[in-house]
Amino acid sequence: MTTPPDDSAEDGELGDYIPLIDPDISEAEVAVISRILTSGSLSDGRMTEGFENAFAAWLGRAHAVAVSSGTIATLMVLKAYGIGPGDEVLCSPFGWHQVQHAIALAGAEPVFVDIDYWQHTINPAKAEARITPRTKAILAGNVNGHPAHWDELRALATDKGLILIEDSTEAIGSSYKGKLVGSFGNCAVFDFSEPGVLVTGEGGMIVTDDRNLAHQLRYLRRREMEHRNTVVITRTIPFQAGMSNLTAALGLVQLKRLPEILAKRREVVGFYEAAMASFEGIKPPYKGPGADDVHPMVYAVHLGTRFTASGRKAVLEDLATHDVEASDYGQALYTQQYYQERGASRADCPVCQKTVDRVLALPLHHKVTADEVQFIVETLKDATVNTGAGAAIYL
């Protein structure tokens with residue numbers, strides 16, 4: 001059996017608890033927050049505009065609009081495009097941040113499309129089969145850092161006259177055919193909450209090359225002082241969805257440090273790959289065609305077909321008894337009561353159901369050491385045997 005971490009371990013050795021998430025915060029972030037707290041207004045937009053400009057430049061898009069979350073970002077995009085009651089939006093039922101809820105919040109109907117078995121992103125062929133005259137947009141995500149099938153999705157959206165919204169709330173820094181994620185939709189949304197790579201506590205960003213869309217989003221974000229008596233602008237009811245200087249300052253520093261943050265996380269992924277490779281039946285992480293770089297939020301392993309949702313729960317409980325925090329990778333939207341009451345069925349997405357019952361999220365952050373990864377993987381192997389299902393795990 002695996003030996004748990006030593007409670008009395010010195011620094012650099014195994015500790016007594018390995019969390020799923022631990023944000024990479026340096027002295028630079030602490031210093032900038034201190035400066036903001038002592039330099040006047042916390043919400044006058046100084047830092048927010050700077051963060052928007054830096055983010056757009058880094059991604060190579062013309063405009064960036066900072067908001068309060070990825071879900072609000074998606075809702076605002078739908079509102080700006082006039083998508084609401086009577087309209088349908090194709091989306092995946094799978095993911096961590098579940099920004100697809102924004103479709104229902106906008107009054108439109110989410111149409112769940114099954115996923116690709118290996119990379120867990122929306123299946124373009126199955127998306128095409130679900131298009132109706134009411135379909136107005138496709139919301140496609142880069143799930144856990146893996147780019148979606150962007151060539152096929154772009155071609156489909158163009159052919160059918162649909163808006164393509166890129167959900168990059170689970171991906172930052174990943175790339176597809178030489179371009180960073182966030183580059184492929186008519187617009188893209190990001191989220192800066194945990195367990196993301198760039199974290200600011202909460203917050204989101206919308207990026208686009210469409211100047212008119214960017215203007216609409218800024219008017220929707222919140223009512224500025226100078227807008228109060230402008231007839232055209234005040235015909236639009238705004239959200240209170242702005243980003244504070246504190247959040248934006250964290251974002252600016254994190255964006256500047258992003259290469260360093262990604263490099264440290266990439267090293268931890270290497271630890272996992274080395275540890276997993278020693279176990280029979282465990283395959284290396286899948287990287288689909290065109291995916292140049294994949295930067296996951298968490299290290300996700302997929303239990304074999306002999307496992308059920310209850311078997312995964314037993315594995316999670318076993319890991320917890322050894323002070324390893326792990327999790328499932330979200331509840332499929334069609335299993336949630338709101339959508340079931342409106343006719344959603346798991347029968348429409350059999351690949352997603354097969355996946356969602358058996359995905360495990362393991363710790364991935366800058367503080368995870370090679371020894372801790374070895375301990376996590378050995379504990380995981382023992383846990384699968386303890387369930388009685390054997391060690392049939394693959395990624």
Unique match (being assigned to a helix (DSSP H, G or I) and open to solvent by 10 Å² or more (accessible area, probe 1.4 Å)) among Ala104, Ala127, Ala157: Ala104
Of the numbered conditions (1) surrounded by fewer than 20 Cβ atoms within 10 Å (Cβ to Cβ); (2) of a type in the set (Gly, Ala, Ser); (3) out of contact with any strand residue (DSSP E or B) (no Cβ under 8 Å at 6 or more places or on another chain), Ala332 fails exactly one; give the number of that condition. (1)
For region 175-192, check the following and say yes or no: at least one residue is open to solvent by 10 Å² or more (accessible area, probe 1.4 Å), in a loop (DSSP other than H, G, I, E, B) and basic (Lys, Arg). yes
So how many residues does region 70-90 have that are open to solvent by 20 Å² or more (accessible area, probe 1.4 Å) and either touching a Ser or Thr at 6+ places or on another chain (Cβ under 7 Å) or assigned to a loop (DSSP other than H, G, I, E, B) (or both)? 5
Here are Ala300, Ala275: which of them is in a helix (DSSP H, G or I), under 20 Å from Leu364 (Cα atoms) and aliphatic (A, V, I, L, M)? Ala275
Taking region 79-120 on its own, how many of its residues are at pLDDT 95 or above and in contact with a strand residue (DSSP E or B) (Cβ under 7 Å, 6 or more places away or on another chain)? 21
All positions within region 114-124 that are over 28 Å from Glu202 (Cβ atoms) and in a loop (DSSP other than H, G, I, E, B): Asp114, Asp116, Tyr117, Trp118, Asn123
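Every residue, every condition in (1) of a type in the set (Lys, Arg); (2) over 12 Å from Asp24 (Cβ atoms); (3) in a loop (DSSP other than H, G, I, E, B); (4) at pLDDT below 95, yes or no:
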site	(1), (2), (3), (4)
Leu198	no, no, yes, no
Met205	no, yes, no, no
Asn212	no, yes, no, no
Leu220	no, yes, no, yes
Gln254	no, no, no, no
Ala263	no, no, no, no
Arg266	yes, yes, no, no
Phe271	no, yes, no, no
Taking Lys287, is it among the basic types (Lys, Arg), at pLDDT below 95 and not in a loop (DSSP other than H, G, I, E, B)? no
Restricting attention to region 72-113, which residues are farther than 21 Å from Ala300 by Cβ, small (Gly, Ala, Ser) and under 14 Å from the mean Cα position of the chain (by Cα)? Ala73
Hey, among Thr48, Thr71, which residue is touching a residue at least 40 places away in the same chain (Cβ under 8 Å), touching a His at 6+ places or on another chain (Cβ under 9 Å) and polar (S, T, N, Q)? Thr71
Single match in Tyr286, Tyr339 (criterion: open to solvent by 50 Å² or more (accessible area, probe 1.4 Å), in contact with a Leu (Cβ under 9 Å, 6 or more places away or on another chain) and not basic (Lys, Arg)): Tyr286
Hits in region 361-395 (condition: modelled with pLDDT under 90, part of a loop (DSSP other than H, G, I, E, B) and touching a Lys or Arg at 6+ places or on another chain (Cβ under 6 Å)): Ala389, Ala391, Ala392, Leu395
Taking Glu166 and the conditions (1) assigned to a strand (DSSP E or B); (2) under 25 Å from Ile25 (Cβ atoms), which numbered condition does it fall short on, given that it satisfies the others? (2)
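The values are calculated or read from the model by the stated rules, or taken from the named source; none is laboratory data. Bear in mind that the values here come from a model prediction, so they are computed numbers and not experimental data. Using ideal geometry, Cβ is built from the backbone for each residue, glycine included, and neighbour counts are taken over all protein chains shown. All accessible areas refer to the heavy atoms of the entire protein, side chains included, with ligands and DNA or RNA removed. Shrake-Rupley method; radii C 1.70, N 1.55, O 1.52, S 1.80 Å.
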